[in-house]
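**Q** The structure is given below, and queries will be raised subsequently.
The values are calculated or read from the model by the stated rules, or taken from the named source; none is laboratory data. Every value quoted in this text rests on a predicted model; they were computed, and no experiment measured them. All Cβ positions, even for glycine, are placed from backbone atoms using ideal geometry, and neighbour counts span all protein chains on display. Quick note on the areas: whole protein, heavy atoms, side chains included, nothing else; ligands and nucleic acids left out. Shrake-Rupley method; radii C 1.70, N 1.55, O 1.52, S 1.80 Å.
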Amino acid sequence: MDGIHDLGGMEGFGPIQIEENEPTFHHDWEPRVMAMRLLMGFWRKWNIDASRHSVETLPPEDYLGLTYYEKWLASLTVLMYRAGFVSLEEIASGSVAPGSEKASPPADAATATAFLPIGRPSQREIDAKPIYTIGSKVRTAQHMHSGHHRLPRYVRGHVGEIILHHGAHVLPDTHAKMAGENPQHLYTVRFKARDLWGDEASAKDTVTVDLWEGYLGADN
Amino acid sequence: MEPKPPKDNHTHSHTHPHSLLPSDPALRVKAIETLVVDKGLVDPEAIEALIEAYSEQIGPQNGAKVVARSWTDSEYRSKLLDDATAAISELGFSGLQGEHMVAVENTDKIHNVVVCTLCSCYPWPVLGVPPVWYKSAAYRARVVRDPRGVLAEFGVVLDEDAEVRVWDSTAEIRYLVIPKRPQNTDGLSEDELAALVTRDSMIGTGVVTLPERGQE
């Protein structure tokens, strides 16, 4: 989707606000949001792509106005509501509806901490051979669909060169809809900064983007 | 605590579930935490365990060890550049948001810098959770378009001759920048070198320097 999250190249945001000696978290509630988000993921009612999509479909004014962990909480609330874990009444009241059954959490402390060094690798073995090789020139799609995908606006319709091949990876487009992993070959594509931004960019500089095969066509 | 009446703290007209929550973030989090714990959806001890992991164990001190090793062990450096996931795992760092790692090396001629323009992808096992500026709209919007201007704001001024490579983490590949080793550090141990390596230097928005010392 051409959403507010697709920020690359947008202008008008001003200088970067850099905080010296920034703490890992600024409020006690921030890591609690992070932990709840990770732990609710163990129910497997959504995945990382669905979760990203739930952030990028927050109202644009919220996307820009809320802090990172506030966005995470907002999107977690949406995800939990859509999956039927909580009702609007429960969200509004902050207390469990009378008579509802208590579930058993899918991850205890040991399971959760044992999961961290493993994570969820996205690479898959597929039969299809990669269409492109290192050095191939490719042109990215000009138009994309309105669901979740990972082709930023600023590289659309541009020609780049394949510099890395990462094997096949789960395709965010279908995964975000819980419609299957549909793994495709994934490449790192290098673009010349001047092709993207014009002469104001240095002729020496490049931008690389990780793109799935279906986002690309051969540049003939 | 008195029950809070539902309140729409946003100006948009359509109702998003989160707009039913209290406006104070701390109360909002408390409300959701109460729900997920009372409903048996989340184990409260698991919350504490994850907070401890990301507050104490998982942070840029891990990436610094990887960098210091690559500076002192050329065989390790080759391995890191060839298969970063395996090389980093050798030092005990792996997993969530670092399942597929690529290491890129800064040299006199090449300066690498990492961003995620679409969200805030970041190599958690080696750097921990990202700083606020990395997640900011300003950084995500600007560093792909004006990397030299952004780097200058961080105090990193590059020669015009240098090549800037910006890596936009749009998939599940996570990038670790191997900063240049500062000069006059031949006598330092691996641990002493690791202590010099900053978080920003491993994102590419910083360089590693020796602390300034008085004349001895």
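**Q** Please name all residue pairs, on different chains or six or more residues apart, with Cβ atoms under 8 Å, provided the first residue is in the stretch A:15-33 and is more than 14 Å from residue A:70 (Cβ to Cβ) and hydrophobic (A, V, I, L, M, F, W, C) and the second residue is open to solvent by 60 Å² or more (accessible area, probe 1.4 Å) and at pLDDT below 95.
**A** none
**Q** Does residue A:110 fit the bill of being outside any loop (DSSP other than H, G, I, E, B) and among the hydrophobic types (A, V, I, L, M, F, W, C)? If you could, list the steps in order and put the result at the bottom.
**A** Numbers: outside any loop (DSSP other than H, G, I, E, B): yes; among the hydrophobic types (A, V, I, L, M, F, W, C): yes.
For residue A:110, the condition - outside any loop (DSSP other than H, G, I, E, B) and among the hydrophobic types (A, V, I, L, M, F, W, C) - is met.
**Q** Tell me which strands (runs of 3 or more DSSP E) are completely within the stretch A:129-220 and hold 1 or more residues being closer than 19 Å to residue B:114 by Cα and of a type in the set (Val, Ile, Thr), or say none if there are none.
**A** Hits in the stretch A:129-220: A:159-169, A:184-192, A:206-212.
Residue by residue, here is whether (1) in contact with a strand residue (DSSP E or B) (Cβ under 7 Å, 6 or more places away or on another chain); (2) open to solvent by less than 20 Å² (accessible area, probe 1.4 Å); (3) closer than 15 Å to residue B:173 by Cβ; (4) basic (Lys, Arg) holds:
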site	(1), (2), (3), (4)
A:144	no, no, no, no
A:156	yes, no, no, yes
A:163	yes, no, yes, no
A:168	yes, yes, yes, no
A:171	yes, yes, yes, no
A:185	yes, yes, yes, no
A:190	yes, no, yes, yes
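**Q** Of the residues that make up the stretch B:44-53, is at least one over 30 Å from residue A:93 (Cα atoms) and more than 9 Å from chain A (Cβ to nearest Cβ)?
**A** No: zero hits.
**Q** Oh, and also: Against the conditions (1) open to solvent by 20 Å² or more (accessible area, probe 1.4 Å); (2) modelled with pLDDT of 80 or more, where does residue B:6 fall short? Just the number, please.
**A** Failing condition for residue B:6: (2).
**Q** Can you name every residue in the stretch A:90-123 that is of a type in the set (Asp, Glu) and under 24 Å from residue A:50 (Cα atoms)? Explain how you work it out, then say what you get.
**A** We begin by selecting, within the stretch A:90-123, every residue of a type in the set (Asp, Glu); these are A:90, A:101, A:108.
Selection gives A:90, A:108.
**Q** Across the stretch A:52-83, which residue is least open to solvent (accessible area, probe 1.4 Å) among those that are polar (S, T, N, Q) and out of contact with any Ser or Thr (no Cβ under 7 Å at 6 or more places or on another chain)? Lay out the reasoning, then the answer.
**A** Just the residues of the stretch A:52-83 that are polar (S, T, N, Q), to begin with: A:54, A:57, A:67, A:75, A:77.
Those still in the list that are out of contact with any Ser or Thr (no Cβ under 7 Å at 6 or more places or on another chain) too: A:57, A:67, A:77.
Values: A:57: 48, A:67: 68, A:77: 0 Å².
The qualifying residue least open to solvent (accessible area, probe 1.4 Å) is A:77.
**Q** Only residues that are open to solvent by less than 10 Å² (accessible area, probe 1.4 Å) and touching a Ser or Thr at 6+ places or on another chain (Cβ under 6 Å): list them for the stretch B:77-112, please.
**A** Selection gives B:80 alone.
**Q** In the stretch A:24-45, which residues are of a type outside the set (Asp, Glu) and open to solvent by less than 20 Å² (accessible area, probe 1.4 Å)?
**A** Once the filter is applied, which keeps residues that are of a type outside the set (Asp, Glu) and open to solvent by less than 20 Å² (accessible area, probe 1.4 Å), the stretch A:24-45 yields A:31, A:33, A:34, A:35, A:36, A:39, A:40, A:41.
**Q** If you check B:151, B:188, B:176, B:196, which single one turns out to be of a type in the set (A, V, I, L, M), more than 22 Å from the chain's Cα centre (by Cα) and either open to solvent by 30 Å² or more (accessible area, probe 1.4 Å) or more than 9 Å from every other protein chain (Cβ to nearest Cβ) (or both)?
**A** One residue alone meets the criteria, B:188.
**Q** For residue A:212, state whether it is surrounded by 17 or more Cβ atoms within 10 Å (Cβ to Cβ) and farther than 23 Å from residue B:98 by Cβ.
**A** When the stated conditions are applied, residue A:212 does not pass them.
**Q** Something else now. List pairs: first in the stretch A:83-101 and closer than 16 Å to residue A:43 by Cβ, second open to solvent by 60 Å² or more (accessible area, probe 1.4 Å) and not polar (S, T, N, Q), Cβ under 6 Å, 6+ apart or cross-chain?
**A** Every condition considered, the pairs that remain are A:83/A:45.
**Q** Return the residues of the stretch B:41-58 that are under 21 Å from residue A:78 (Cβ atoms) and not in a helix (DSSP H, G or I); say none if nothing qualifies.
**A** Across the stretch B:41-58, the qualifying residues are B:41, B:42.
**Q** Quick check on this structure: which one of B:156, B:166, B:143 is more than 7 Å from chain A (Cβ to nearest Cβ) and touching a helix residue (DSSP H, G or I) at 6+ places or on another chain (Cβ under 6 Å)?
**A** Sole residue among the options that is more than 7 Å from chain A (Cβ to nearest Cβ) and touching a helix residue (DSSP H, G or I) at 6+ places or on another chain (Cβ under 6 Å): B:143.
Residues are listed down the side, and each one gets a yes or a no for (1) touching a His at 6+ places or on another chain (Cβ under 7 Å); (2) over 20 Å from residue B:147 (Cβ atoms):
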position	(1), (2)
A:136	no, yes
A:151	no, yes
A:169	no, yes
A:176	yes, yes
A:181	yes, yes
A:187	yes, yes
A:196	yes, no
A:215	no, yes
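**Q** Has the stretch A:102-122 got at least one residue that is surrounded by 15 or more Cβ atoms within 10 Å (Cβ to Cβ) and away from chain B (no Cβ under 13 Å)?
**A** no
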